[in-house]
1. If I ask for residues that are part of a loop (DSSP other than H, G, I, E, B) and of a type in the set (Gly, Ala, Ser), which ones from the range 173-212 would you list?
2. State whether one or more residues within the range 181-190 are at negative phi, open to solvent by 20 Å² or more (accessible area, probe 1.4 Å) and acidic (Asp, Glu).
3. Can you tell me which residue within the range 154-166, out of those that are touching a residue at least 40 places away in the same chain (Cβ under 8 Å), outside any loop (DSSP other than H, G, I, E, B) and not hydrophobic (A, V, I, L, M, F, W, C), is surrounded by the most Cβ atoms within 10 Å (Cβ to Cβ)?
4. What do you reckon, is residue 86 out of contact with any His (no Cβ under 7 Å at 6 or more places or on another chain), of a type outside the set (S, T, N, Q), in contact (Cβ under 8 Å) with a residue 12 or more places away in the chain and over 18 Å from residue 221 (Cα atoms)?
5. Every residue in the range 56-75 that is closer than 18 Å to residue 162 by Cα, surrounded by 18 or more Cβ atoms within 10 Å (Cβ to Cβ) and among the small types (Gly, Ala, Ser), please.
6. Can you tell me which residues in the range 94-145 are open to solvent by 20 Å² or more (accessible area, probe 1.4 Å) and either assigned to a strand (DSSP E or B) or at positive phi (or both)?
7. Considering 80, 75, 20, which residue is of a type outside the set (Asp, Glu) and not in a loop (DSSP other than H, G, I, E, B)?
8. Condition first: open to solvent by 30 Å² or more (accessible area, probe 1.4 Å), closer than 22 Å to residue 35 by Cα, modelled with pLDDT of 95 or more and of a type outside the set (Phe, Trp, Tyr). Can you find one or more residues in the range 194-205 that meet it?
Amino acid sequence: MTDGDTLMVKHAPGAAAAEAAGLRWLADAGAVAVPRVHGADADWLVIDVVETSSPTVAAAEAFGRGLAALHNAGAPSFGAPPPGGPVHAWIGLAPMQNVRGDSWPQWYAEHRVLPYARAAVDSGVLSASEATVLERACARFPETTEAPARLHGDLWNGNVLWGERGAVLIDPAAHGGHRETDLAMLYLFGSPHLDRIVAAYDETAPLADGYRERIPMHQLFPLLVHTVLFGRSYAAQALSTARSVG
């Protein structure tokens, strides 16, 4: 820290350590800017404040290229936590387990989609019969040749800040996963100049054929997280998305 730095002290009981590890792991890739971590323990996090400005087309294209490089930095396996990060992590206010797996479809079903479907049933937000719609979708997840990517993990528009030097990523739920998952999150909640972000990404690290058709599959996880956190309003969208998979 130097004189004149503006810092934010964030109280995140139980989650601060995971966020700090995620920010450091993303920073290590040297691909997309993140706030610098000045200190952290189990409950508190001290990071740089990000001064924001309006996003430009040039900044969006640079972000697309940087996101491709971030993903290409890789991870040891699907579900791998950041170095020094806990297995018991968080996505927003919801718990998230960073359990390693070799088969992406199986891992994504067992450790991302189905735990939140069960939680939604347990809380009465989804019925047991509705949960079978999600189970059937999981059975249709295709195999992939993609290597585990270094994901931000919660890449909705609110976690992409636009500073004077371009995009800055905050509040990660970082782990090893499928690179299309971060892009699908951007599609789910929107982003300024999204077409230019994706085009620049694709020019840097070409996406596999049919990636647009796979977007709903990758959106099941965040939709179910929102269903658990915010209730029935997201359940219908999650079920509609599940029926479109495959």
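1. Within the range 173-212, 173, 174, 190, 191, 205, 208, 210 meet the criteria.
2. No: the range 181-190 contains no residue that is at negative phi, open to solvent by 20 Å² or more (accessible area, probe 1.4 Å) and acidic (Asp, Glu).
3. Residue satisfying both the conditions and the ranking: 166.
4. On the way: out of contact with any His (no Cβ under 7 Å at 6 or more places or on another chain): yes; of a type outside the set (S, T, N, Q): yes; in contact (Cβ under 8 Å) with a residue 12 or more places away in the chain: yes; over 18 Å from residue 221 (Cα atoms): yes.
For residue 86, the condition - out of contact with any His (no Cβ under 7 Å at 6 or more places or on another chain), of a type outside the set (S, T, N, Q), in contact (Cβ under 8 Å) with a residue 12 or more places away in the chain and over 18 Å from residue 221 (Cα atoms) - is met.
5. 59, 60, 62, 64, 66, 68
6. Selection gives 95, 97, 124.
7. After applying the criteria, what remains is 20.
8. No, the range 194-205 contains no residue that is open to solvent by 30 Å² or more (accessible area, probe 1.4 Å), closer than 22 Å to residue 35 by Cα, modelled with pLDDT of 95 or more and of a type outside the set (Phe, Trp, Tyr).
The values are calculated or read from the model by the stated rules, or taken from the named source; none is laboratory data. Just so it is clear, the model here is predicted, and its values are computed rather than measured. Cβ sites come from the backbone with ideal geometry, for glycine too, and all protein chains shown count toward neighbours. Side chains included, ligands, DNA and RNA excluded: accessible areas come from the protein's heavy atoms. Shrake-Rupley method; radii C 1.70, N 1.55, O 1.52, S 1.80 Å.
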